[in-house]
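Visitor: One structure coming up, written as structure tokens, with questions to follow.
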Amino acid sequence: MAYSNKIKELYQNQLKGIQDAGLFKQERFIHSSQDAEIEVEFPTGSAPKKVINVCANNYLGLSSHPEVIKAAHEGLDTRGYGMSSVRFICGTQDIHRELENKVSEFLGTEDTILFPSCMDANAGVFEAILTSEDIMISDRLVHASIIDGMRLCAAQHDTFKHSDMAHLEKKLQLHADKRLKVVINDGVYSMDGDTAKLDEMAALCEKYDALLFVDESHSSGFIGKTGRGTHEKCGVMGKIDIITTTFGKALGGASGGCVSGRKEIVEMCRQKARPYLFSNTIAPVVVSGVLRVLDILSQSTERRDKLEVNTEFWRKGLSEAGFVLKDGDTPIVPVMLFNAKLAQDFSKDLFDLGIYAIGFFFPVVPQGAARIRTQISAGHEMHHLEKALDAFIKVGKKYDILGKTKQEIIEMYGN
Ligand SMILES: *Cc1c(COP(=O)(O)O)cnc(C)c1O
């Protein structure tokens, strides 16, 4: 017997270690579609309860939009269910290329290549375009999938302090001798909700002859005046060499991702990126859904405008109530609690009041930086946000943290 009791115990012990460290991730079952209101079974085995969802990446409220669902049905009816092949054998339909062209148009780039996910896009892109003569210079807080992608690549690696442009410039000078230099960062950082200084980065990249890479997973569809992303917000559309993004968040929320940018870089990915070559692409039903999403967003900025109004209301409400927030203007609004147990208790009390928001603590965020990360959506109506704000204030009062500073909260609960 290969899977002996000894091996079984080895894993059981490791799992227990995860549990003992308080790091065991318990999933909760949703019994409805993903929306502003969802039905959640929590704790497991209990009757599903209707709650307002303030922790999804459903920024534009498109995950269950009737027009997107209709388009997905049409895709299913006209192009079938599955591809049963990778793209370069017989797994490319006309709609896959149509989507690539639409994404390029939306992001203002030269070309686009689809991947099964943005995780795969990030896992494949660096290895496809860089060699050991090159250097990847990444922000210290980039997403896990970028870190994995850099690990899979033979190029050298260095980092700069989060959003520290002076430090980035030093690193660019330090690596002046490398064949290619790529500056790598997220457009909007998902834990703090802050925005990359893409305009300053683009200027530095021009000065030091470096390529600029940005992961727009938490930006595409709603950041910038017409929702094109951080490059639009920072006034550098057309200056980003490589954009990766996901269709699994604001852009319908199903799945899929892409690399978009310079034509030759996209073509290199098509020839060499392993997750593209060796894994099926996005299913036709999803492609049709995303095509419709991009149509909706190109016709009107109504949804991103509503998201902006909702976000302003939410940030202002929490801030005036006396919560400690992370600064910023994106729909990612972290309510800082600092202590891990307080974050968990707070989340549970919110759930009892019909509000779904999850506590984040180490190792997802740094030690002593526990929080409830709230995410606002265009799918929220004012009555949702008012009810959620009410609940936050009630629970905030219960723990006596309203109007308290970071230092005071840490004195009361530890960190
Ligand atoms: C969510 C996310 C991804 C992964 O996207 P998937 O398409 O779900 O694989 C990659 N990068 C960033 C910054 C993300 O937030």
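The values are calculated or read from the model by the stated rules, or taken from the named source; none is laboratory data. Not measured: the values here are computed from a predicted model. Because the Cβ atoms are built from the backbone with ideal geometry, glycine has one as well, and the counts that use them run over all protein chains shown.
Visitor: Assuming M191 fulfils every condition listed in (1) of a type in the set (A, V, I, L, M, F, W, C); (2) within 13 Å of the ligand (Cβ to nearest atom); (3) buried (at least 24 other Cβ atoms within 10 Å of the Cβ); (4) under 30 Å from K306 (Cβ atoms) apart from one, which condition is it?
Guide: (3)
Visitor: Select from segment 252-272 the residues that are buried (at least 24 other Cβ atoms within 10 Å of the Cβ), within 16 Å of the ligand (Cβ to nearest atom) and on the phi < 0 side of the Ramachandran plot and write down the one among them that is farthest from the chain's Cα centre (by Cα).
Guide: Filtering first and then ranking leaves C269.
Visitor: Another one. Restricting attention to segment 203-215, does a residue exist that is part of a strand (DSSP E or B), within 14 Å of the ligand (Cβ to nearest atom), touching a residue at least 12 places away in the same chain (Cβ under 8 Å) and of a type outside the set (D, E)? Reasoning before the result, please.
Guide: So in segment 203-215, the residues part of a strand (DSSP E or B) come out as 211-215.
Retained after the next criterion (residues that are within 14 Å of the ligand (Cβ to nearest atom)): 213-215.
From what is left, the residues that are touching a residue at least 12 places away in the same chain (Cβ under 8 Å) are 213-215.
Add one more test, that the residue is of a type outside the set (D, E), and what stays is 213-214.
The answer is yes; a qualifying residue exists.
Visitor: Quick check: is even one residue across segment 288-297 part of a loop (DSSP other than H, G, I, E, B) and within 15 Å of the ligand (Cβ to nearest atom)? Give the derivation first.
Guide: First pass over segment 288-297, keeping only residues part of a loop (DSSP other than H, G, I, E, B): none.
Scanning segment 288-297, I find no residue that is part of a loop (DSSP other than H, G, I, E, B) and within 15 Å of the ligand (Cβ to nearest atom), so the answer is no.
Visitor: I'd like to know if segment 351-369 contains one or more residues that are surrounded by 19 or more Cβ atoms within 10 Å (Cβ to Cβ), in contact with a Leu (Cβ under 6 Å, 6 or more places away or on another chain) and not in a loop (DSSP other than H, G, I, E, B).
Guide: no
Visitor: Oh, and also: When you look at K326, is it touching a residue at least 12 places away in the same chain (Cβ under 8 Å), in the same structural domain as K387 (by TED's automatic domain parsing) and of a type in the set (K, R), yes or no?
Guide: Numbers: touching a residue at least 12 places away in the same chain (Cβ under 8 Å): yes; in the same structural domain as K387 (by TED's automatic domain parsing): yes; of a type in the set (K, R): yes.
Yes; evaluated as a whole, the condition is true for this residue.
Visitor: Could you check segment 82-188 for strands (runs of 3 or more DSSP E) lying wholly inside it with 1 or more residues that are crowded, with 18+ Cβ neighbours inside 10 Å and touching a residue at least 60 places away in the same chain (Cβ under 8 Å)? Before the answer, list the steps.
Guide: Values: elements: 111-115, 135-139, 156-160, 181-186.
Strands (runs of 3 or more DSSP E) meeting the threshold: 111-115, 135-139, 181-186.
Visitor: Now for a different question. Take the conditions out of contact with any Gly (no Cβ under 6 Å at 6 or more places or on another chain), modelled with pLDDT of 95 or more and not assigned by TED's automatic domain parsing to the domain that holds A196 and apply them to V335. Does it pass?
Guide: On the way: out of contact with any Gly (no Cβ under 6 Å at 6 or more places or on another chain): yes; modelled with pLDDT of 95 or more: yes; not assigned by TED's automatic domain parsing to the domain that holds A196: yes.
Taking the combined requirement at face value, the residue satisfies it.
Visitor: Also, I was wondering about something else. Condition (residue is assigned to a strand (DSSP E or B), in contact (Cβ under 8 Å) with a residue 24 or more places away in the chain and of a type in the set (A, V, I, L, M, F, W, C)) applied to segment 51-58: is it met by at least one residue? Reasoning before the result, please.
Guide: Looking only at segment 51-58, we keep the residues that are assigned to a strand (DSSP E or B), and these are 51-53.
From the residues that got through so far, the ones that are in contact (Cβ under 8 Å) with a residue 24 or more places away in the chain too are 51-53.
Remaining after also requiring of a type in the set (A, V, I, L, M, F, W, C): 51-52.
Checked against the condition, which is being assigned to a strand (DSSP E or B), in contact (Cβ under 8 Å) with a residue 24 or more places away in the chain and of a type in the set (A, V, I, L, M, F, W, C), segment 51-58 yields at least one hit.
Visitor: Going by the conditions given, is N280 in a loop (DSSP other than H, G, I, E, B) and polar (S, T, N, Q)?
Guide: Values: in a loop (DSSP other than H, G, I, E, B): yes; polar (S, T, N, Q): yes.
Considered against the rule, which asks whether it is in a loop (DSSP other than H, G, I, E, B) and polar (S, T, N, Q), N280 comes out as yes.
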